[in-house]
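Contents: one structure, followed by commentary.
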Amino acid sequence: MSAPGLIDIHSHMTPRALPVDPGSSAPWPCMRCQDAARATLMLGDKPFRELDDRSWDVARRCEDMDRDGVAIQLLSPMPELLSYWQDAAHAEYLADHVNAAIAEMVARRPDRFRGLAMVPMQEPARAARYMRDLKARFGVDGIEIGSNVGGALPGEERFAPVFAAAEAGDLAIFVHALHPVATAAVMRHAPFFTPMVGFPLDVAMAGASLITEGVLERHPRLRIALSHGGGAMASLIGRLDQGWRMVPELRDRLSTAPSAQARRLFYDSNVYEPALLRHVARDMAPGQVCAGTDYPYLIMQEDPAAFIASADLTAGEADSVRRGAATRFLDIR
């Protein structure tokens, strides 16, 4: 692998096996194995996604990373495993298993992998308690959270204990699209709308809620990254700034313009359009964009190094996207 490689902050894993159903009222995730290299993630008795060994096999992932010039992957759970619709105790039971699987993958190749844990966000106080010893138990750098939790955006006051715990524990937060609220009504008629349209909308709504509800001002040391380049955030910034200038309640709540706060967030490069990557990396959030691919799924950004090179960034901007921003997001010293 030519040096130095990318740090990919958006790559998912699924354990080869999942724990038995503890008696949940919602469909429980389980793996139905087809052969040594293939399995189907089931939700109850319904197939959710076909997977292969890229989701759990360290050696297979390293082969792909070497091919793509990726030095380090930040492993996060498949978002569907976050299980905010389960009883919180059952979600924590599942989190123990998934987080241990991530820790095992990192332990096998600590030079190639780092990890993000999942926590039971449906009970924020429980999640905050769970986060107290995450680093000691699992060796992770932070947590992955959904863009909404049962329809509640992360900026809502109920999630304050989670952000306080993340800041106190020096844990990074990666916000990934999950069950987007904006497309819920059309999902059953056009399921492709969810990943193609709903994901970027929901991520932008999550980011806007973190800004407008003052989460970043209350927690100045938080390191939060938005998946999918922040989704539709790039098109919302001007409107948010105009609202901040015109709406006294928002202006009283925020000491600086939303655009300034958006520059504090991190973003991944998983946007597919070179011009959009250039805008986010140069104009919207200079120095805050990290490489991200959505590996190993069908919609992932292939050949991330070539994609970043196609964005016509300066050498310094490109190096920041390739690894510089990620070292700050993960506090790699």
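The values are calculated or read from the model by the stated rules, or taken from the named source; none is laboratory data. Here the structure is a predicted model, which means the values were calculated and not measured. Virtual Cβ from ideal backbone geometry, glycine too; neighbours counted across all protein chains shown. What goes into the accessible areas is simple: the full protein's heavy atoms, side chains included, and nothing from ligands, DNA or RNA. Shrake-Rupley method; radii C 1.70, N 1.55, O 1.52, S 1.80 Å.
Worth pointing out:
- Within segment 224-322, helices (runs of 4 or more DSSP H) holding 1 or more residues that are more than 21 Å from Leu6 (Cα to Cα), at pLDDT 95 or above and open to solvent by less than 20 Å² (accessible area, probe 1.4 Å): 233-246, 258-262
- Selection of segment 1-59 for residues being open to solvent by 40 Å² or more (accessible area, probe 1.4 Å) and among the hydroxyl-bearing types (Ser, Thr, Tyr) yields Ser2, Ser25.
- Residue within segment 300-311 that is free of Cβ contacts under 8 Å to residues at least 40 places away in the same chain, more than 19 Å from Asp68 (Cα to Cα) and not charged (D, E, K, R) present: no
- Among residues of segment 3-15 being modelled with pLDDT under 95 and in contact with a strand residue (DSSP E or B) (Cβ under 7 Å, 6 or more places away or on another chain), the one that is nearest to Gln86 (Cα to Cα) is Gly5.
- Qualifying positions in segment 267-300 - in contact with a Gly (Cβ under 7 Å, 6 or more places away or on another chain) and among the β-branched types (Val, Ile, Thr): Val271, Val280
- Residue within segment 84-103 that is modelled with pLDDT of 95 or more, at positive phi and open to solvent by less than 10 Å² (accessible area, probe 1.4 Å) present: no
- Filter result for Met42 (out of contact with any Ser or Thr (no Cβ under 9 Å at 6 or more places or on another chain) and in a strand (DSSP E or B)): yes
- Scanning segment 198-256 for residues that are farther than 18 Å from Ile9 by Cβ and of a type in the set (Ser, Thr, Tyr) turns up Ser209, Thr212, Ser235, Ser255, Thr256.
- A Cβ distance below 7 Å, combined with a sequence gap of six or more or placement on separate chains, defines the contacts here; from segment 234-259, residues that are within 27 Å of Arg278 (Cβ to Cβ) reach no residue that is of a type in the set (Asp, Glu) and surrounded by fewer than 13 Cβ atoms within 10 Å (Cβ to Cβ).
- Positions within segment 143-178 being on the phi > 0 side of the Ramachandran plot and touching a residue at least 40 places away in the same chain (Cβ under 8 Å), in sequence order: Gly150, Asp170
- Residue under evaluation Gln288, criteria (1) in contact with a strand residue (DSSP E or B) (Cβ under 8 Å, 6 or more places away or on another chain); (2) of a type outside the set (A, V, I, L, M, F, W, C); (3) farther than 19 Å from Leu330 by Cα, criterion not met: (3)
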